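The values are calculated or read from the model by the stated rules, or taken from the named source; none is laboratory data. Quick caveat, the model's predicted, so the values are computed rather than measured. For neighbour counting, all protein chains shown are included, and Cβ atoms are generated from backbone atoms with ideal geometry for every residue, glycine included. SASA here: full protein model, heavy atoms, side chains in, ligands and nucleic acids out. Shrake-Rupley method; radii C 1.70, N 1.55, O 1.52, S 1.80 Å.
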Amino acid sequence: MKLALIGVGQAGGKVVEALVAYDGKTGDRFVTAALAVNTAKADLLGLKLLRPEHRVLVGQARVKGHGVGADNELGAEVMSEDVDEVLRALDSVPTHEVDAFLVVAGLGGGTGSGGAPVLAHELKRLYTEPVYGLGILPGTDEGGIYTLNAARSFQTFVREVDNLIVFDNDAWRASGESVQGGYATINEELARRLGVLFSAGETDGTDVAESVVDASEIINTLAGGGVSTVGYASAKLDRTEKGLLSRFGGKKREAVDDGESLSRILSVVRRATLGRLTLPCEIGGTERALVIVSGPPAYLSRRGIERARTWIEEETGTMEVRGGDYPVPDSDYVASVVLLSGVYDVPRIKELQQIAIEAQRSREDHEAVAPDALEDLLSTDDRLDSLF
Ligand code: GDP
């Protein structure tokens, strides 16, 4: 599936670059175009892979390239004023070759948090292709303002996109390590999950798969809106030790036990679904799901994938489970990505909203008493005269 990626804000730009790097490494399958948009010039300069004409500085008149300082209302205003700059940069992109847009942003800051929903709104107005969002939730240790920003942005962004894939930094923080320290690793993990998902629809046809996933299946799984989460797991194959290469019709073929392949696929899909999701949630009640199994064609047991689909149907309670394979001949792994779309039972979102409501209330209380408090502080009961 061909995507135009647009990263808004610092996290947006970095995650887009992680996706571009993954795509380059695995053979340029799903990224047709990639842009980064920011109010902070330094963040754009800090990117490594995107071409200069694909880095768009917005809000120069308002913030002079210094960023919006975690003020997401300002981030939204600046994007509304300068969205034409982004659309102009998209003019150089072959959008007719694109199956969908993906707008990526960290929801806790200012530029991405405020700007991404505004940009998604504009893209939906102008293009017929679906516009998806990738929203990153802040870690709980980042503080009240980030939580408040994220909760407000989340509820706006989800309404402006055709589907919002969510990644929770908090769930991905390595134990004992700050989220900041681990961003590079976290971004790679995220890129691998989305990379397998979106490149699945882009097999080049040389390796005939049993039941290849195509772009329309990804689009149909994401259709209907709401919030999505993605799971991933892999199993290493012992291809050399077995050395079961035999000759069939003059062609070298790997002799693989189908029963073993079937149970390996079932186990990998179970781990992908029940392990750590990009957004941890209860999977019962999921509206739609897509399961992709990748690996060398000989290991992609059709029965295994069918059984895995049935298992996901039972676990989630939805009949709408699509599935297929994604052949990667040279891989030493069988891996699975599970996309759960339309998830509702998400304790982390409820927690985020609760903390945000409290943060908003305390900010309002604070603002209400602040002028009086300043008066008190400055007051000398007229025993001291101001200069002028
Ligand atoms: P903005 O530039 O104003 O949009 O703000 P940032 O993107 O710098 O930060 C917004 C939030 O994104 C932060 O609160 C972090 O939770 C998160 N974040 C920042 N950088 C990264 C990154 O490289 N990866 C991930 N996963 N999250 C990030």
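At-a-glance table
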| read-out | value |
| --- | --- |
| Boolean, ASP43 is open to solvent by 10 Å² or more (accessible area, probe 1.4 Å), over 15 Å from GLU81 (Cα atoms) and at pLDDT below 95 | no |
| Qualifying residue in region 65-79 (condition: away from the ligand (no atom under 14 Å from the Cβ) and either surrounded by 20 or more Cβ atoms within 10 Å (Cβ to Cβ) or more than 17 Å from the chain's Cα centre (by Cα) (or both)) | no |
| Residues of region 18-48 classified as of a type in the set (Gly, Ala, Ser) and more than 16 Å from the ligand (Cβ to nearest atom), total | 3 |
| Number of positions in region 1-40 that are under 16 Å from TYR183 (Cα atoms) and open to solvent by less than 10 Å² (accessible area, probe 1.4 Å) | 7 |
| Those residues of region 272-297 which are under 23 Å from GLY201 (Cβ atoms) and open to solvent by 50 Å² or more (accessible area, probe 1.4 Å), in sequence order | GLU287, PRO297 |
| Those residues of region 60-81 which are over 17 Å from ALA11 (Cβ atoms) and assigned to a loop (DSSP other than H, G, I, E, B), in sequence order | LYS64, GLY65 |
| Leading residue by the ranking (nearest to the ligand (Cβ to nearest atom)) among those in region 82-110 that are closer than 22 Å to ASN163 by Cβ, in a helix (DSSP H, G or I) and in contact (Cβ under 8 Å) with a residue 40 or more places away in the chain | VAL86 |
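For (1) open to solvent by 50 Å² or more (accessible area, probe 1.4 Å); (2) part of a helix (DSSP H, G or I); (3) not assigned by TED's automatic domain parsing to the domain that holds GLY139, each residue gets a yes or a no:
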{"position": "ARG307", "(1), (2), (3)": "yes, yes, yes"}
{"position": "GLU314", "(1), (2), (3)": "yes, yes, yes"}
{"position": "ILE349", "(1), (2), (3)": "no, yes, yes"}
{"position": "ASP365", "(1), (2), (3)": "yes, yes, yes"}
{"position": "ALA373", "(1), (2), (3)": "yes, yes, yes"}
{"position": "ASP385", "(1), (2), (3)": "yes, no, yes"}
